[in-house]
Amino acid sequence: MASKLHLFLLLSLSFASLRISTAGDPDILTDFIPPPALFGPPGGNYFTNTDFRSLVGAPFPPTFKVVKATMEEFPALEGQSVSYAALLFPNGTVNPPHTHPRASELLFVLMGSLQVGFVDTTNKLFSQTLQQGDIFVFPKGLVHFQFNCDAKDPALALSAFGSASPGTVKVPSAVFNSTIDDQVLALSFKTDVATIQKIKSGLSG
């Protein structure tokens, strides 16, 4: 009896691990998820997103900018397990440490160069300086960043995500622009409340 129970538990844990390792956007049972009936039957326009046209021929922005095509901006992506983003880096700008809890990210440098990296669950940093034409993968849920350290030239990258809704958790904002008590933050970062409040004021400016 004990051996059967042991086998059952082992199989249950194996199936649970398999479900976790393959977790992602849920599969759909149709070709696509159509818009609500009040919008009428979908046509080609429903499957087209034109937001990135604003980047064609436009001057580079003065600060870091992201243009997204996720399910929020492009509803036809629902159920398709893909999304996209264009990242524009003026010289010396950074996409601060952040995570995408529901997707890995595949970044392709179209112009310029970027210093990129992610930190795994053992706190090991994997970093690389990417040149035009290079691709780098950020594993799902891990903290990562991109930095254009070039003093003169901008950089442009495209990111593909393995989810229609990858989500973004910006680490500085999630920690210091939240309602976590200042004393908790001070103890966590081994500093004092005054320093925490100084950091908060810097982020809110």
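The values are calculated or read from the model by the stated rules, or taken from the named source; none is laboratory data. Since the model is a prediction, treat every value here as computed from it, not as a measurement. Positions of Cβ are generated from backbone atoms using ideal geometry, with glycine treated the same way; all protein chains shown enter the neighbour counts. Just the protein is used for accessible areas: all its heavy atoms, side chains included, with ligands, DNA and RNA removed. Shrake-Rupley method; radii C 1.70, N 1.55, O 1.52, S 1.80 Å.
Does Asp25 satisfy the criteria of being more than 22 Å from Val169 (Cα to Cα) and part of a loop (DSSP other than H, G, I, E, B)? No: the conditions fail for Asp25. The residues of the range 169-198 that are touching a residue at least 12 places away in the same chain (Cβ under 8 Å), open to solvent by 70 Å² or more (accessible area, probe 1.4 Å) and closer than 19 Å to Pro97 by Cα, listed by number, are Lys170, Asn177. Check the range 29-46 and report whether any residue there is at pLDDT 85 or above, within 25 Å of the chain's Cα centre (by Cα) and assigned to a helix (DSSP H, G or I). Checked against the condition, which is being at pLDDT 85 or above, within 25 Å of the chain's Cα centre (by Cα) and assigned to a helix (DSSP H, G or I), the range 29-46 yields at least one hit. Within the range 138-153, the set of residues being closer than 27 Å to Phe74 by Cα and more than 11 Å from the chain's Cα centre (by Cα) comprises Gln146 only. Per the conditions (1) over 17 Å from the mean Cα position of the chain (by Cα); (2) in contact (Cβ under 8 Å) with a residue 40 or more places away in the chain; (3) open to solvent by 50 Å² or more (accessible area, probe 1.4 Å), the sole criterion not satisfied by Asp134 is (2). Take Thr63 and tell me if it is touching a Phe, Trp or Tyr at 6+ places or on another chain (Cβ under 9 Å), open to solvent by 20 Å² or more (accessible area, probe 1.4 Å), among the polar types (S, T, N, Q) and closer than 18 Å to Asp153 by Cα. Taking the combined requirement at face value, the residue does not satisfy it. Restricting attention to the range 78-126 and to residues that are touching a helix residue (DSSP H, G or I) at 6+ places or on another chain (Cβ under 7 Å) and closer than 22 Å to Asp150 by Cα, the residue that is surrounded by the fewest Cβ atoms within 10 Å (Cβ to Cβ) turns out to be Pro96.
Total residues in the range 137-152 satisfying the condition of being closer than 24 Å to Pro101 by Cβ and open to solvent by 50 Å² or more (accessible area, probe 1.4 Å): the figure is 4. Listed by position, the strands (runs of 3 or more DSSP E) enclosed by the range 69-158 that each have at least 3 residues that are modelled with pLDDT of 95 or more and more than 30 Å from Pro35 (Cβ to Cβ) are 94-99, 105-111, 114-119, 125-130, 135-138, 143-147.
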